[in-house]
Amino acid sequence: MNVLIISRCFPYPRHHGDRLIVSHLVEELRERGHCFDMAAFYLDEQDLDQLPRSALLFGHFEAVKEQPRSHVDYLKRLFRPTPVSADECWNPAMWRAIERLLSTRRYDIVHFFGGIQVYEFRSLSSRLPSIITPYESFGLFLERETAQARGAFERLQLRATLEVTRRYERRIYEGFDRVVLVSCKDADYLRALNPRLAIAVIPNGVDLEYFKPQGPGANDGPLVFLGNYDYGPNLAAAVSLISDILPRVQTRVPGASVRIIGANPSAALKALARRGVEVTGWVADVRAPLAQAACLVVPLFRGAGIRNKILEAMATGLPVVSTPLGCEGIDVTPGEDVVLGNDPDELASRVVQLLQNDALRIRLSKGGRRLVERLYSWRKVGAEYETLYHQLSVEG
């Protein structure tokens, strides 16, 4: 099949979930004989360094600079959510790029990756089957942020943003033949907002060849957390691991330490580094620090979607300690492929239990790898999307 992808970002570099799924999915489906073109936004000039590598995946690649949008822009759009011309949309350059592709090339499916950034181009491909993968529900994310807000003013601001977001999510996915979410929680949230939407759930995957089993790690290795710290829930989780969980663990395991890995650590996060606490910043290859770790700890209490960090750790055989929300979207069995805790005290107890129980570490190591092999390989994810492509092609 010939597929046009319209994406909110480039497929590389692979350090965000939205880039991971696009690049891996296209690689997998190209091997199955499908052909792809892409029109993608780039967010800053550094993205253009990835243009040659990104373009190799596609027969034709259009790169368009993303344009900022103000709160006023969003409020104005509420009264006419779907533009019908380039002049009405937020990014006329992208509108015209998609028009050129659709007028000069033949496609069987148009697949949109992103939400508010790409939905407005749906009317351009109204005569073709269309899929949109918004990854997660931003409304669900904001609902959880509101519940965690500490001050009345912050809560009021979040509630106002949440109301606008709900109005958008009720309307912007109408007209798409399928809306694909990466977790059932996100899917259920959107169904409640708009029961008319045709929703499917296809999770993210993990590269099982790249993240090969390395065993359960040494119990004297550091506790690790992975993330991009521009994302508020990741920053809060890293701070909780250092400030709330590590001291509790050290009362029973004095030599315990923490390593915080990932891009864009804030100044406040870096200031927490001390003896026993390392904040590495961006690491090009996380396999080495995963191999050195005792376990991955995921103290997430906010956010939505699916956690690639957990899939990657499980693929290497690294034991995982997480909150239930951290494992949301992953079909885990507590005690077999993960251990769960509901608050910092419980998470610390689970970490200590893991550090002191070799049999449990080995069981989680093997169970986690089995789980991702069974449910979260890119081969399986690709097969699910391929089935959906064929189904919509027949229906269309």
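The values are calculated or read from the model by the stated rules, or taken from the named source; none is laboratory data. Fair warning: this is a prediction, and the values are worked out from it, not measured in the lab. Positions of Cβ are backbone-derived with ideal geometry, glycine not excepted, and every protein chain shown enters the neighbour counts.
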Quick one: count up the residues across segment 369-383 that are under 16 Å from Ala313 (Cβ atoms) and either among the aliphatic types (A, V, I, L, M) or in contact with a His (Cβ under 9 Å, 6 or more places away or on another chain) (or both). 3
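From the list Phe112, Phe10, Phe36, which one is touching a strand residue (DSSP E or B) at 6+ places or on another chain (Cβ under 9 Å), part of a loop (DSSP other than H, G, I, E, B) and either surrounded by 15 or more Cβ atoms within 10 Å (Cβ to Cβ) or among the small types (Gly, Ala, Ser) (or both)? Give the derivation first.
Working: Phe112 fails: part of a loop (DSSP other than H, G, I, E, B); Phe36 fails: part of a loop (DSSP other than H, G, I, E, B).
Phe10 is the lone residue from the list that is touching a strand residue (DSSP E or B) at 6+ places or on another chain (Cβ under 9 Å), part of a loop (DSSP other than H, G, I, E, B) and either surrounded by 15 or more Cβ atoms within 10 Å (Cβ to Cβ) or among the small types (Gly, Ala, Ser) (or both).
So which residues in segment 134-155 are outside any helix (DSSP H, G or I), at pLDDT below 90 and either closer than 30 Å to Ile202 by Cα or not assigned by TED's automatic domain parsing to the domain that holds Tyr168 (or both)? Steps first, answer last, please.
Kept after step one, since they are outside any helix (DSSP H, G or I), are these residues of segment 134-155: 134-137, 149-151.
Pick out the ones that are also at pLDDT below 90 and you get 135-137, 149-151.
Selection gives Tyr135, Glu136, Ser137.
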Of everything in segment 126-141 that's of a type in the set (S, T, N, Q) and buried (at least 22 other Cβ atoms within 10 Å of the Cβ), which residue is farthest from Pro68 (Cα to Cα)? Ser130
So for segment 76-84 (the condition being buried (at least 18 other Cβ atoms within 10 Å of the Cβ) and of a type in the set (Lys, Arg)), does at least one residue qualify? yes
Residue identified as at pLDDT below 95, closer than 15 Å to Leu4 by Cα and in the same structural domain as Val22 (by TED's automatic domain parsing) among Arg105, Arg69, Arg96: Arg105
Near pairs, Cβ below 7 angstrom, 6+ apart or cross-chain, from segment 72-93 (closer than 14 Å to Arg122 by Cβ and in contact (Cβ under 8 Å) with a residue 12 or more places away in the chain) to any residue that is of a type in the set (Phe, Trp, Tyr) and not in a helix (DSSP H, G or I): none
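Tally up the residues in segment 350-366 that are in contact with a Gly (Cβ under 9 Å, 6 or more places away or on another chain) and free of Cβ contacts under 8 Å to residues at least 60 places away in the same chain, please. Explain how you work it out, then say what you get.
Keep residues of segment 350-366 that are in contact with a Gly (Cβ under 9 Å, 6 or more places away or on another chain), which gives 350-351, 360-366.
From what is left, the residues that are free of Cβ contacts under 8 Å to residues at least 60 places away in the same chain are 350, 360, 363, 366.
Residues in segment 350-366 being in contact with a Gly (Cβ under 9 Å, 6 or more places away or on another chain) and free of Cβ contacts under 8 Å to residues at least 60 places away in the same chain: 4 in total.
Of the residues Asp18, Asp37, only one is in contact with a Cys (Cβ under 7 Å, 6 or more places away or on another chain), touching a residue at least 40 places away in the same chain (Cβ under 8 Å) and of a type outside the set (Ser, Thr, Tyr); which?
Numbers: Asp37 fails: in contact with a Cys (Cβ under 7 Å, 6 or more places away or on another chain).
Step by step, each of Asp18, Asp37 is checked, and only Asp18 is in contact with a Cys (Cβ under 7 Å, 6 or more places away or on another chain), touching a residue at least 40 places away in the same chain (Cβ under 8 Å) and of a type outside the set (Ser, Thr, Tyr).
Rundown of residues vs (1) assigned to a loop (DSSP other than H, G, I, E, B); (2) aliphatic (A, V, I, L, M); (3) surrounded by 18 or more Cβ atoms within 10 Å (Cβ to Cβ), yes/no style:
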| residue | (1), (2), (3) |
| --- | --- |
| Thr165 | no, no, yes |
| Arg170 | no, no, no |
| Lys185 | no, no, yes |
| Asp188 | no, no, no |
| Arg191 | no, no, no |
| Asn204 | yes, no, yes |
| Glu209 | yes, no, no |
| Lys212 | yes, no, no |
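Could you list, in sequence order, all residues of segment 373-394 that are in contact (Cβ under 8 Å) with a residue 40 or more places away in the chain, over 16 Å from Gly205 (Cα atoms) and out of contact with any Asp or Glu (no Cβ under 7 Å at 6 or more places or on another chain)? Step through it out loud before you land on a result.
The first filter runs over segment 373-394 and keeps only residues in contact (Cβ under 8 Å) with a residue 40 or more places away in the chain, leaving 373, 375-382, 384-386, 388-390, 392-393.
Retained after the next criterion (residues that are over 16 Å from Gly205 (Cα atoms)): 388-390, 392-393.
Scanning segment 373-394 gives Leu388, Tyr389, His390.
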Would it be correct to say that Leu296 is under 18 Å from the mean Cα position of the chain (by Cα) and either surrounded by fewer than 19 Cβ atoms within 10 Å (Cβ to Cβ) or assigned to a strand (DSSP E or B) (or both)? yes
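A quick yes/no check of all residues on (1) crowded, with 16+ Cβ neighbours inside 10 Å; (2) of a type outside the set (A, V, I, L, M, F, W, C):
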| site | (1), (2) |
| --- | --- |
| Ala238 | yes, no |
| Arg252 | no, yes |
| Ala268 | no, no |
| Ala284 | no, no |
Name the residue that is farthest from Tyr189 (Cα to Cα), counting only residues in segment 304-319 that are part of a loop (DSSP other than H, G, I, E, B) and within 10 Å of the chain's Cα centre (by Cα). Arg307
Lone unmet requirement of (1) among the charged types (D, E, K, R); (2) free of Cβ contacts under 8 Å to residues at least 60 places away in the same chain; (3) out of contact with any strand residue (DSSP E or B) (no Cβ under 9 Å at 6 or more places or on another chain) for Arg302: (2)
